[in-house]
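Notes follow once the structure below has been shown.
The values are calculated or read from the model by the stated rules, or taken from the named source; none is laboratory data. Because the structure is a prediction, the values reported are computed rather than measured. For neighbour counting, all protein chains shown are included, and Cβ atoms are generated from backbone atoms with ideal geometry for every residue, glycine included. Side chains are part of the model used for accessible areas, which takes the heavy atoms of the whole protein and leaves out ligands, DNA and RNA. Shrake-Rupley method; radii C 1.70, N 1.55, O 1.52, S 1.80 Å.
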Amino acid sequence: MHAAVPTAQPGKTKVAFLGIGIMGNAMAANLLKAGYEVTVWNRSPDKCAGLAAAGATVAGTPAEAVAACDIALAMLSDPEACLAVATGPEGVASAMAPGKGYVDVSMVDAATSRQVAVAVRAAGGAYLEAPVSGSKGRAARLPAPAFFALRSSWPPGRRRRPVGARRDESLFEAAAPLLEVMGKASFFLGEAGAGANMKLVVNMVMGSMMASYAEGLQLAQRCGLRQEDLIEVVKLGAIASPMFALKASRRGAAPGMVAGKFPTAFPLKHQQKDLRLALALGDEVQQPLPLAAAANELYKRARAAGYSDADFSAVMAGVGSGEQAGQAA
């Protein structure tokens, strides 16, 4: 039996949020500000303190959080964490029931999304993958990230959507008010796995762009150019990017890549994880990805140098000879 999940409404819908990291904390805070009753859970309970002070209830296990809610959301670090939280002892699936929904906004691979979907649906719940595209800064204010639950028309010529996709879209509609509170846009593509694949492609492109930008900054310095001048020139050209402007040291702005400062918005270890998963996806569909593979090696070098928890712009430390790789801040 798969009962429909009621459309979320502030003051009426009870929401759980699992995973209170950099993004999760900001997103859960926005739900509280919007008037939702929120129960939070994190493996390290101390990270929930700020949200508890703002009115959230802290649960002892994922199952406890899910039992207290209508719709649960999760923002977890990697595929292993997603599977453990969803399918492990006292996990999400153990407390799922008809009329409840589970929206996973984590960045994982399609195979993991499908495994979680099977477990949640087997317990009678509805499942939606909705990985985010954005950063801590955007999640902390409105509008925040974009959600790749991936809304679009079903492919022409296909008369019926698979049952799973129909249920997913039903939860997408029910959870839409929550996604609107936390993000600036949301899309629906269909079966579990499509959202994960889209986000992997986006993060693969993002990681490759940042690695190339870091190489450009280092090359400019080596050939006697001022890195600050390169930053300004890039800002005025066709390759201008908000990401580049945000991460680099700009005139009159806080120090960034040029000064060897990498305040964490999106941890480098997660960017490297996404590149690894994107490369695996490329192998699966027989799509060569030589640029992404090269970028992945630079992020691995930066991780080996101790920058795993720094921002992904710390790939700068992976492309230099070491004299300009500042401290992970």
Does Val205 meet the test of being assigned by the TED database to the domain that holds Gln272, within 26 Å of the chain's Cα centre (by Cα), in a helix (DSSP H, G or I) and at pLDDT below 95? no
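Listed here are the residues, each with its yes/no results for (1) of a type in the set (Lys, Arg); (2) in contact (Cβ under 8 Å) with a residue 60 or more places away in the chain; (3) closer than 12 Å to Ser208 by Cα.
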{"residue": "Ala238", "(1), (2), (3)": "no, no, no"}
{"residue": "Ser241", "(1), (2), (3)": "no, no, no"}
{"residue": "Lys261", "(1), (2), (3)": "yes, yes, no"}
{"residue": "Thr264", "(1), (2), (3)": "no, yes, no"}
{"residue": "Ala278", "(1), (2), (3)": "no, yes, yes"}
{"residue": "Gly282", "(1), (2), (3)": "no, no, no"}
{"residue": "Phe312", "(1), (2), (3)": "no, yes, yes"}
I'd like to verify a number: residues in the stretch 34-56 that are open to solvent by 30 Å² or more (accessible area, probe 1.4 Å) and without any contact (Cβ under 8 Å) to a residue 60 or more places away in the chain, how many? 13
Taking Gly21 and the conditions (1) open to solvent by 20 Å² or more (accessible area, probe 1.4 Å); (2) modelled with pLDDT of 95 or more; (3) closer than 30 Å to Gly282 by Cα; (4) not acidic (Asp, Glu), which numbered condition does it fall short on, given that it satisfies the others? (2)
Within the stretch 78-121, restricting attention to residues that are farther than 25 Å from Pro267 by Cβ and under 22 Å from the mean Cα position of the chain (by Cα), which residue is modelled with the lowest pLDDT? Arg114
Return yes when Lys235 is open to solvent by 10 Å² or more (accessible area, probe 1.4 Å), part of a helix (DSSP H, G or I) and among the basic types (Lys, Arg) and no when it is not. yes
Asp78 being open to solvent by 20 Å² or more (accessible area, probe 1.4 Å), over 30 Å from Leu281 (Cα atoms), of a type in the set (D, E, K, R) and touching a residue at least 40 places away in the same chain (Cβ under 8 Å): no
In the set Arg167, Arg138, Arg159, the lone residue that is under 16 Å from the mean Cα position of the chain (by Cα), open to solvent by 20 Å² or more (accessible area, probe 1.4 Å) and modelled with pLDDT under 80 is Arg138
